[in-house]
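First the structure, in the form of structure tokens, and then the observations on it.
The values are calculated or read from the model by the stated rules, or taken from the named source; none is laboratory data. Everything quoted here is computed from the prediction, not taken from an experiment. Positions of Cβ are backbone-derived with ideal geometry, glycine not excepted, and every protein chain shown enters the neighbour counts.
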Amino acid sequence: MSIFGKLSFKDQAFKLRENAILDAATSVLGSKGYDLMTMDDVAGLVGISKPSLYKHFKSKEDLVGETMIRLIDGAVEQLAQLDDIASPRGKLAALLEWALRVRLDGGLPFLPATSAHVRDMLMRNIKYVTRVLKLNGQLEKLVKEAQKKGEIDAALPSDVVLFSYYARTCDPAVEYLQKFSKMGNEDIVRHMLQVAFQGFVAGSATP
């Protein structure tokens, strides 16, 4: 049974509107960034008044925090669905593929790498930090397993691999390729995965 089946009609409507608000915030953040985003932008996109928006989220920081938490939760849930992939590098590749598709569909990168203010704001959000630490621990474990199995160069410090992996989820090349190249999303994902795991070496196989 879904969570909605346990809620009253009023609570269901409230939750659905909250999800719509988070969708709108994701869209505005993707197009404008945090500094230019306003609560008016989000309310207008959802089609509600700003006072109604504040019934769900008390501030812009609160809204952005919940938006990023939802993204991290999505990554954790996606990773949990990859148990049928035996290879740790295969799991990392599959999760990166999911992240790239989220980006191409107008979602957000894993890390708010472009804004020190956003980073500082999120680091004060205990709920967000807890989620990030959970995901980071799972990915760090996969990186070390992949290195132990020889799937990723064991001579590289695991932190270098892990943070380079995070960087691929934020790579602006995704948007540039989508906007300026003639490639479709499937080709963009395929080529970005190859660059992430094989670099630019000729004859490299896909992950």
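How many of the residues in the stretch 158-182 are over 20 Å from the mean Cα position of the chain (by Cα) and either surrounded by 11 or more Cβ atoms within 10 Å (Cβ to Cβ) or of a type in the set (S, T, N, Q) (or both)?
Looking only at that region, the number is 2.
Can you name every one of the helices (runs of 4 or more DSSP H) wholly within the stretch 1-108 that holds 2 or more residues which are in contact with a Pro (Cβ under 9 Å, 6 or more places away or on another chain) and hydrophobic (A, V, I, L, M, F, W, C)? Before you say what the answer is, go through the steps one by one.
On the way: elements: 9-32, 39-46, 50-56, 60-80, 88-104.
The qualifying helices (runs of 4 or more DSSP H) are 60-80, 88-104.
Only one of I48, I21 is touching a helix residue (DSSP H, G or I) at 6+ places or on another chain (Cβ under 8 Å), at pLDDT 90 or above and surrounded by 18 or more Cβ atoms within 10 Å (Cβ to Cβ); which? Working first, answer last.
Working: I48 fails: surrounded by 18 or more Cβ atoms within 10 Å (Cβ to Cβ).
Of I48, I21, the one residue that is touching a helix residue (DSSP H, G or I) at 6+ places or on another chain (Cβ under 8 Å), at pLDDT 90 or above and surrounded by 18 or more Cβ atoms within 10 Å (Cβ to Cβ) is I21.
Could you grab me the full set of residues in the stretch 161-199 that are within 30 Å of G150 (Cβ to Cβ) and among the charged types (D, E, K, R)?
The first filter runs over the stretch 161-199 and keeps only residues within 30 Å of G150 (Cβ to Cβ), leaving 161-171, 173-174, 186-199.
Correct list: R168, D171, E186, D187, R190.
Quick check on the stretch 107-117. Is at least one of its residues among the β-branched types (V, I, T), modelled with pLDDT of 90 or more and within 18 Å of the chain's Cα centre (by Cα)?
The initial filter retains those residues of the stretch 107-117 that are among the β-branched types (V, I, T), namely 114.
Checking the rest, the ones that are also modelled with pLDDT of 90 or more come to none.
Scanning the stretch 107-117, I find no residue that is among the β-branched types (V, I, T), modelled with pLDDT of 90 or more and within 18 Å of the chain's Cα centre (by Cα), so the answer is no.
Just one of (1) within 22 Å of T26 (Cα to Cα); (2) loosely packed, with under 12 Cβ neighbours inside 10 Å; (3) modelled with pLDDT of 95 or more; (4) not small (G, A, S) trips up D153, so point out which.
Tallying (1) within 22 Å of T26 (Cα to Cα); (2) loosely packed, with under 12 Cβ neighbours inside 10 Å; (3) modelled with pLDDT of 95 or more; (4) not small (G, A, S), D153 fails exactly one: (1).
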